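Engineer: Here you go, one structure.
The values are calculated or read from the model by the stated rules, or taken from the named source; none is laboratory data. The model shown is predicted, which means the values in this text are computed figures rather than measured ones. In this analysis, Cβ positions are derived from the backbone assuming ideal geometry, glycine residues included, and neighbour counts consider all displayed protein chains.
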Amino acid sequence: MKVFKYMSAGLLTLALASCGGDYLNTEYTTYLDQESAGTAAAAQPDVFLNGMWSWQVDWNKVGNDGHDDFGYMSVMMATQMMSEDIAINRAHWFRYDYEFDYRLESWARTMQFWTEFYTDISKANEIIGLYPDGGSTKEEKGLLGQALAMRGMAYTYLIQLYQKYIKADGTVDREAPGVPLMYTLADGLTQDEIDAAKGRNTVGEVLDQAEKDLTRAVECLGAGYVRPSGANGKDYIDQSVAYGLLARLYLVRQDWDKAAAAANAARQGYSLRTAAELQDGFMDVTASDVMWGFNHTTETSTAYASFFSHISNLAPGYAGLAYCSKLIDARLYDRIPDTDARKAWFNGPNGDNSQPTSGAKLPYANLKFGNDGSWTMDYIFMRAAEMVLIEAEAYAHMGNTTQAAQVMKELMQYRDPQWNMPNVSVEDVYLQRRIELWGEGFSFFDLKRLNKGIDRNYEGTNHLSGYLKTIPAGTVDWTFQIPLREIQENPLISEDDQNP
């Protein structure tokens with residue numbers, strides 16, 4: 001659904017800066033001094049953390065009853081439709097994203113993204129504000145570290161969405177206008193400095209703050225914090241996840257040596273999926289390579305308004321019912337060797353009538369994402385395989401193609417026994433990212449940071465007629481405008497500050 005008018009549920013950055021307990025059940029801290037409140041919060045961290053985790057999977061946040069608005073994974077779903085790796089059989093939800101026609105200031109999508117990440121920041125600041133001295137116990141540092149990680153992640157995504165941050169020569173444009181920075185007094189700034197940061201800081205300033213937050217998160221979470229055991233434990237951010245978020249940031253900043261180091265540190269202690277495990281449906285956070293995700297239950301599932309409803313052709317949602325099935329781009333499918341176990345994630349050009357749903361029978365339909373029969377399929381936010389790919393890409397960017405190949409071999413031995421490249425280029429790694437991470441939400445962000453365009457209009461294309469887009473790199477199509485309501489309500493951002 002495309003809407004012109006914003007609903008009252010839309011959030012503004014100015015409101016987010018001061019909302020406090022509007023989002024979290026933190027009344028028990030109201031009458032405590034700051035030190036006592038921080039101690040109490042560390043003793044009951046789930047009061048705060050459950051607010052962050054539930055926000056990441058809640059739906060209908062901008063009030064338009066949209067089944068395409070279901071938290072963090074809806075951002076991943078919407079953006080990856082703006083690529084050539086996913087094709088669809090029929091236009092339905094996410095069709096405007098697929099058409100590159102949902103970026104303007106008055107559309108719901110840009111407000112959805114803005115709301116998603118600035119609420120993450122607001123919730124994080126609730127916690128950060130409790131610990132101006134950085135916390136004194138491992139429990140306090142664990143809570144603070146998770147908040148810092150969330151804030152750093154949010155800024156990383158906001159820059160990628162709301163700015164053309166790559167120059168024509170492929171380098172980062174640090175002087176381009178970025179997004180507001182939302183601080184608390186615990187960040188060591190004066191109130192005047194906090195207020196002044198609510199305008200458009202530069203790309204460099206925002207990415208530097210993201211690095212500061214994430215490096216502090218790594219430090220805090222390395223001070224003895226251990227996340228809970230069991231499936232629900234993957235909901236929490238530990239040091240490995242903080243390293244993973246830092247590795248993602250360093251890819252965006254093009255700090256290749258730091259990206260390689262952070263990605264390597266992040267994946268320690270995790271096993272990569274075997275060829276057999278690749279076929280498990282990517283719906284269980286207890287899988288060996290899952291670093292971070294959300295363990296859905298019947299109480300948290302959102303059925304048709306969910307990631308699996310839209311991505312899984314095997315689930316009884318929009319994709320499975322063939323209202324808008326998700327297919328692999330035919331040209332990308334042809335690039336997957338027959339010896340690669342991941343080719344089984346997709347039907348070939350003739351489809352497969354033995355599959356259980358209409359969507360899964362289609363030519364090129366993806367079978368990567370499964371169905372557990374109860375709408376409690378877990379959301380996977382980060383996997384160890386991604387960290388291998390980041391590390392390999394970083395080495396390739398630095399010209400160490402042999403080391404890049406050695407790292408890639410760790411992954412590819414479980415994907416394609418015939419793979420044995422002695423040297424790996426950035427393009428080689430990019431191809432493996434497209435295959436390995438298909439449908440998980442990385443394609444738009446990879447295209448933008450690598451300064452690539454898309455071309456769906458080729459001979460033999462399986463993209464939907466009417467959506468055969470050719471979008472060159474660097475055009476305005478890749479950058480979302482700041483929501484109109486933010487411009488109307490934020491005195492530090494005017495129409496003159498708007499993205500093209």
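Engineer: With respect to D372, determine if the residue is charged (D, E, K, R), within 29 Å of R248 (Cβ to Cβ), more than 20 Å from the chain's Cα centre (by Cα) and part of a loop (DSSP other than H, G, I, E, B).
Structural biologist: Considered against the rule, which asks whether it is charged (D, E, K, R), within 29 Å of R248 (Cβ to Cβ), more than 20 Å from the chain's Cα centre (by Cα) and part of a loop (DSSP other than H, G, I, E, B), D372 comes out as yes.
Engineer: Is there any pair linking a residue in segment 360-379 that is within 17 Å of S306 (Cβ to Cβ) to one that is assigned to a strand (DSSP E or B) and of a type in the set (G, A, S), with Cβ under 8 Å and at least six apart or on different chains, and which?
Structural biologist: D378/G293; Y379/G293
Engineer: Take the residues of segment 467-491 that are in contact with an Asp or Glu (Cβ under 8 Å, 6 or more places away or on another chain) and either in a loop (DSSP other than H, G, I, E, B) or in contact (Cβ under 8 Å) with a residue 60 or more places away in the chain (or both): which is farthest from T202 (Cα to Cα)?
Structural biologist: Ranking the qualifying residues of segment 467-491, first place goes to Y467.
Engineer: Then there's this: (1) charged (D, E, K, R); (2) surrounded by fewer than 22 Cβ atoms within 10 Å (Cβ to Cβ); (3) closer than 30 Å to H310 by Cα: which one isn't true of E393, the others all being true?
Structural biologist: Here E393 clears every test but (2).
A quick yes/no check of all residues on (1) closer than 29 Å to Q112 by Cα; (2) surrounded by fewer than 21 Cβ atoms within 10 Å (Cβ to Cβ):
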| position | (1), (2) |
| --- | --- |
| Y162 | yes, no |
| T171 | yes, yes |
| E175 | yes, yes |
| V179 | yes, no |
| A210 | yes, no |
| D213 | yes, no |
| E219 | no, yes |
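Engineer: Please work out which residue is nearest to the chain's Cα centre (by Cα), limiting yourself to segment 317-344 and to residues that are among the hydrophobic types (A, V, I, L, M, F, W, C) and closer than 18 Å to E427 by Cβ.
Structural biologist: Among them, the one singled out is L332.
Engineer: Confirm whether G269 is buried (at least 21 other Cβ atoms within 10 Å of the Cβ) and assigned to a loop (DSSP other than H, G, I, E, B).
Structural biologist: Judged against the criteria, G269 is not a match.
Engineer: Are there any pairs with C-beta distances below 9 angstrom linking a residue in segment 304-325 that is outside any loop (DSSP other than H, G, I, E, B) to a residue that is among the hydroxyl-bearing types (S, T, Y) and crowded, with 24+ Cβ neighbours inside 10 Å, with the two at least 6 apart or on different chains, and if so which?
Structural biologist: Note: pairs meeting the criteria are F307/S74; F307/Y379; F308/Y379; S309/Y318; H310/S74; H310/Y318.
Engineer: The conditions are (1) in a helix (DSSP H, G or I); (2) among the aliphatic types (A, V, I, L, M); (3) within 23 Å of the chain's Cα centre (by Cα), and I237 fails exactly one of them. Which is it?
Structural biologist: Result: I237 fails condition (1) only.
Engineer: State all residues of segment 207-234 that are among the aromatic types (F, W, Y) and in a helix (DSSP H, G or I); if no residue qualifies, say none.
Structural biologist: Scanning segment 207-234 gives no hits.
Engineer: Let me ask something else about it. Failed condition for F282, given (1) on the phi > 0 side of the Ramachandran plot; (2) part of a helix (DSSP H, G or I), with all others met?
Structural biologist: Against the list (1) on the phi > 0 side of the Ramachandran plot; (2) part of a helix (DSSP H, G or I), F282 comes up short only on (2).
Engineer: Just checking, does segment 452-472 include any residue being surrounded by fewer than 23 Cβ atoms within 10 Å (Cβ to Cβ) and under 30 Å from Y236 (Cα atoms)?
Structural biologist: no
Engineer: Sticking with this one: Of everything in segment 96-114 that's more than 18 Å from the chain's Cα centre (by Cα) and more than 22 Å from C324 (Cα to Cα), which residue is surrounded by the most Cβ atoms within 10 Å (Cβ to Cβ)?
Structural biologist: E105
Engineer: Follow-up. Between a first residue in segment 53-72 that is on the phi > 0 side of the Ramachandran plot and a second residue that is modelled with pLDDT under 85 and crowded, with 20+ Cβ neighbours inside 10 Å, which pairs have beta carbons less than 8 Å apart while being 6 or more apart in sequence or on different chains?
Structural biologist: N60/G66; G63/G10; G71/K61
Engineer: Restricting attention to segment 432-439, does a residue exist that is among the charged types (D, E, K, R), part of a helix (DSSP H, G or I), over 24 Å from D85 (Cα atoms) and at pLDDT 95 or above?
Structural biologist: No, segment 432-439 has no match at all.
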